[in-house]
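Peer 1: The structure's right below; bear with me while I get my questions together.
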Amino acid sequence: MEADFVSTISYIFALIISLLAIRVSYVLYWTGRPLKSSPTISRRTLIVLGSGGHTAEMLSIVNVLRKDKFAPRSYVAALTDNMSLQKAQVYEESLLNSESNIEIKRGGAQFMQIYRSREVGQSYVTSIGTTIVAVMHAMWIVLKLRPQVILCNGPGTCIPICACAYLLKLLGWRWCTIIYIESIARVKKLSLSGLLLYKLRLADKFFVQWPLLQQKYPRSQYAGRVM
């Protein structure tokens, strides 16, 4: 009897591992494939902002997007970063005042904040707890917003968000295309956020702004300068 029980558990465990391996292979195969193009489809877009030059670069990228194709848009920044969301709000308000497309006005925009995994100067021991909180908060944001596209360009806050979106993709809950654009400040090597997304293959599209980086990281794509 005990032998039959152990055999059944082993069979179930092997089946789960096999199904998971098939799902991972499927996701890896389709990761990086072009988005399906349609004149009527718009995609819920989550835009991750960061302090310093990250927000300026990201808003430059958003400025050249087809606003009716990437809508509604949601912006997220670290809880301690108020300036980035203010800049995004000013940008979205300028669109409402200038654009005549009713779909852009109807889509609107959301602005949210997320806990940091680790503050500057925080010890690594105490950062374990804050990292857990940040991941849980990121999962709540992803489940709430249900983004179909995530745009990010280097701030550390993008890691838990992209990881949660990728996990839901693996589980078959929701497919989300992750697009990463490395900061123009990175000339010879990737940022820590970029390196993690590149090595773990979390990003569907990985763009760099310097030819040297593209040569060093061949799975990336050279996008030229966005600013």
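The values are calculated or read from the model by the stated rules, or taken from the named source; none is laboratory data. Being a predicted model, the structure only gives us computed values, none of them experimental. Reconstructed Cβ throughout: ideal geometry from the backbone, glycine too, with neighbour counts over all protein chains shown.
Peer 1: Any residue at all in the stretch 185-199 that is within 14 Å of the chain's Cα centre (by Cα) and within 21 Å of residue 84 (Cα to Cα)?
Peer 2: Taking every residue of the stretch 185-199 in turn, at least one turns out to be within 14 Å of the chain's Cα centre (by Cα) and within 21 Å of residue 84 (Cα to Cα).
Peer 1: Separate question: On the given criteria, is residue 215 among the polar types (S, T, N, Q) and within 20 Å of residue 60 (Cβ to Cβ)?
Peer 2: Values: among the polar types (S, T, N, Q): yes; within 20 Å of residue 60 (Cβ to Cβ): no.
So residue 215 fails the test.
Peer 1: Continuing with the same structure: Pairs needed: first member in the stretch 126-148, in the same structural domain as residue 75 (by TED's automatic domain parsing); second member anywhere, assigned to a helix (DSSP H, G or I) and surrounded by 13 or more Cβ atoms within 10 Å (Cβ to Cβ); C-beta distance under 6 Å; at least 6 residues apart or different chains.
Peer 2: Going by the 6 Å Cβ cut-off, the qualifying pairs are 134/160; 135/160; 138/160; 138/161; 138/164; 139/164; 142/164; 142/165.
Peer 1: Another question about this same structure. Restricting the search to the stretch 166-207, which residues are outside any loop (DSSP other than H, G, I, E, B), in contact with a strand residue (DSSP E or B) (Cβ under 6 Å, 6 or more places away or on another chain) and crowded, with 21+ Cβ neighbours inside 10 Å?
Peer 2: 177, 178, 180, 181, 197, 206
Peer 1: Moving on. In the stretch 43-78, how many residues are surrounded by fewer than 23 Cβ atoms within 10 Å (Cβ to Cβ) and either touching a His at 6+ places or on another chain (Cβ under 9 Å) or on the phi > 0 side of the Ramachandran plot (or both)?
Peer 2: Selection size over the stretch 43-78: 1.
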